Amino acid sequence: MAGLGPVPLAGLILSELGARVVRIERLGSGRAFLDLPPPLDLDRHGREILRIDLKSSEGASLVMRLIAQADALLEGFRPGVMERLGLGPEAVHEVNPRLVYGRMTGFGQDGPLAQKAGHDLTYLALSGALGAIGTKGGKPVPPLNLAADYGGGTMFLIMGILAALLERGRSGQGQVIDAAMIDGASMLAAPFFSFIAAGIWSEKRGTNLLDSGAPFYDTYECADGEYVAVACLEPQFFAEFCQLLPLEERFSNAQYDQVQWPAMRSAIAERIVQRTRDEWSQLFESTDACVAPVLSFTEAPDHPHNKARTTHLHSDAMVRPAPAPRFSRTASTATTAIIEDANSTLGAFGLTLDEIGELAKRGTIGR
C-alpha cells in the first residue's frame with residue numbers, strides 16, 4: 001500500500017554490526033507488480049535479503065532475535081499487522097528499548113482511512129497538493145510518484161529516523177516514528193497554505209506564480225518540438241532574460257503586472273519557438289537568466305554539469321543516480337550487490353551454521 005514494489009516486513013539498520021541494512025521479506029511473497037531483474041532492482045541494491053516465515057512462531061522469534069541487536073527497524077504494513085505478528089513497538093521495546101521503530105504507511109497509524117489501500121496519487125489528492133498541479137483550464141497532473149511516495153513518505157521517514165537516533169544519544173531511549181505519506185505530502189505543501197491565508201494564491205490551477213500562471217515561470221516549446229524551462233522569478237534575473245531573448249521594454253518593465261501576463265506569455269512563446277532547445281541552452285547556460293533545457297531521463301546524465309559532478313553512475317546494466325547527499329569524510333558508494341546468503345547474514349547476528357540449517361530445514365527461512 002506504500003509504493004510500487006512489495007513492502008518488506010522490515011529493514012534493520014545495524015550500525016553495531018558493520019552498518020548493515022537487512023531487508024526481511026515474507027517467505028513465499030515473491031515480487032509483486034514490478035518484477036525487475038536483480039541488476040536493475042535499485043530498491044534492493046546494497047541490501048542483505050532474508051526471507052522468513054512470519055506466520056510461524058519460530059519465524060517471529062527469529063526476527064525478534066535480530067531486532068534485539070538493531071539500531072532501527074522500518075516497517076511498511078497496514079496498522080496492526082506487526083502487532084498481530086508479535087512484533088509491534090511495545091513488544092520489541094521490551095527486548096530492545098533503544099530501538100528506533102519507523103512505521104511507513106499511506107494514511108498513518110490511526111484515522112478513518114488508516115486501514116485503506118492507496119498509492120502516491122491517492123495521498124497527494126487528499127493532501128490538496130494534486131489539485132494545485134496542472135495548467136490553466138486543464139486537469140490535475142500526476143507528478144510521477146515523487147511527491148507523496150518519495151518526498152512525503154521516504155524522506156520524512158528518513159528525517160524521523162535520523163532525528164530519533166540523535167535524540168536517543170541524549171535519552172538512551174528509542175521511540176516510534178509514525179510516517180504517513182498524506183502527512184508528508186501535506187507538509188511539503190505548507191508554503192501554499194501560507195500563500196492562501198495571505199491572499200496571494202488562487203486555487204484555480206495555472207493562475208499563480210509557481211504553477212505556470214506566471215509567464216516567466218513556465219516551459220516553452222522550441223523550434224524542434226523540445227522544451228526549455230524559464231524560471232526567472234527575481235527582477236534581476238528576469239531583466240537578464242529579457243535582454244537576451246530579447247523581450248520588449250514594455251514587458252521587461254512590468255514583470256509582476258498580471259494584466260500584462262497574457263501578452264507577455266505570447267511574446268515569449270513567439271521568440272522561443274524560433275530556435276531549437278539546444279540553441280537556447282547555449283545562449284542562456286552561462287547567464288543568470290534561469291533558463292534550462294528540459295532533458296529526458298536518458299539525456300540528463302550527459303549534461304556537462306551532471307557529468308562534472310558525476311551525478312549519475314554508469315554500469316553495464318544501467319545508468320543510475322549517484323548516492324546523495326555527499327559526505328566529506330565518509331563517502332557513499334553505490335553497489336549493485338544484493339546479498340541473499342542466510343548463512344552470512346544470520347551468522348552476523350550470532351546464529352551458528354547448525355541453527356541456520358535447522359531453520360531452513362523446517363521452512364522458517366528461505367535459502
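The values are calculated or read from the model by the stated rules, or taken from the named source; none is laboratory data. From a predicted model like this one, the values you see are computed outputs, not experimental measurements. All Cβ positions, even for glycine, are placed from backbone atoms using ideal geometry, and neighbour counts span all protein chains on display. All accessible areas refer to the heavy atoms of the entire protein, side chains included, with ligands and DNA or RNA removed. Shrake-Rupley method; radii C 1.70, N 1.55, O 1.52, S 1.80 Å.
Data table
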{"item": "Cβ pairs under 6 Å, 6+ apart, first in the stretch 217-229 and at negative phi, second among the small types (G, A, S) and assigned to a strand (DSSP E or B)", "result": "Y217/A231; T219/A229; A229/A292"}
{"item": "Members of the stretch 288-338 found to be touching an Asp or Glu at 6+ places or on another chain (Cβ under 7 Å) and open to solvent by 70 Å² or more (accessible area, probe 1.4 Å), listed by number", "result": "D288"}
{"item": "Total residues in the stretch 176-221, condition assigned to a helix (DSSP H, G or I) and within 21 Å of the chain's Cα centre (by Cα)", "result": "11"}
{"item": "Test: residue in the stretch 222-237 that is closer than 21 Å to G134 by Cβ, open to solvent by 40 Å² or more (accessible area, probe 1.4 Å) and part of a strand (DSSP E or B)", "result": "yes"}
{"item": "Wholly within the stretch 264-367, helices (runs of 4 or more DSSP H) carrying at least 2 residues that are touching a residue at least 40 places away in the same chain (Cβ under 8 Å)", "result": "277-284, 342-348"}
{"item": "Residue in the stretch 26-46 that is open to solvent by less than 40 Å² (accessible area, probe 1.4 Å), in a strand (DSSP E or B) and in contact (Cβ under 8 Å) with a residue 40 or more places away in the chain present", "result": "no"}
{"item": "Candidate set: the stretch 291-323, residues that are touching a Phe, Trp or Tyr at 6+ places or on another chain (Cβ under 8 Å) and among the aliphatic types (A, V, I, L, M); chosen: the one farthest from Q236 (Cα to Cα)", "result": "V294"}
{"item": "Residue satisfying condition, being without any contact (Cβ under 8 Å) to a residue 40 or more places away in the chain, more than 29 Å from A324 (Cα to Cα) and out of contact with any helix residue (DSSP H, G or I) (no Cβ under 7 Å at 6 or more places or on another chain), within set A125, A117, A163, A91", "result": "A91"}
{"item": "In the stretch 243-259, residue least open to solvent (accessible area, probe 1.4 Å) [restricted to those that are in contact with a Pro (Cβ under 9 Å, 6 or more places away or on another chain) and of a type in the set (S, T, N, Q)]", "result": "Q255"}
{"item": "So E240, is it assigned to a loop (DSSP other than H, G, I, E, B), charged (D, E, K, R) and open to solvent by 40 Å² or more (accessible area, probe 1.4 Å)", "result": "no"}
{"item": "Helices (runs of 4 or more DSSP H) lying entirely in the stretch 62-136 (those with 3 or more residues that are of a type outside the set (K, R) and open to solvent by 10 Å² or more (accessible area, probe 1.4 Å))", "result": "89-95, 120-127"}
{"item": "Residue list for the stretch 178-207, filter: closer than 19 Å to T122 by Cα and loosely packed, with under 11 Cβ neighbours inside 10 Å", "result": "A190"}
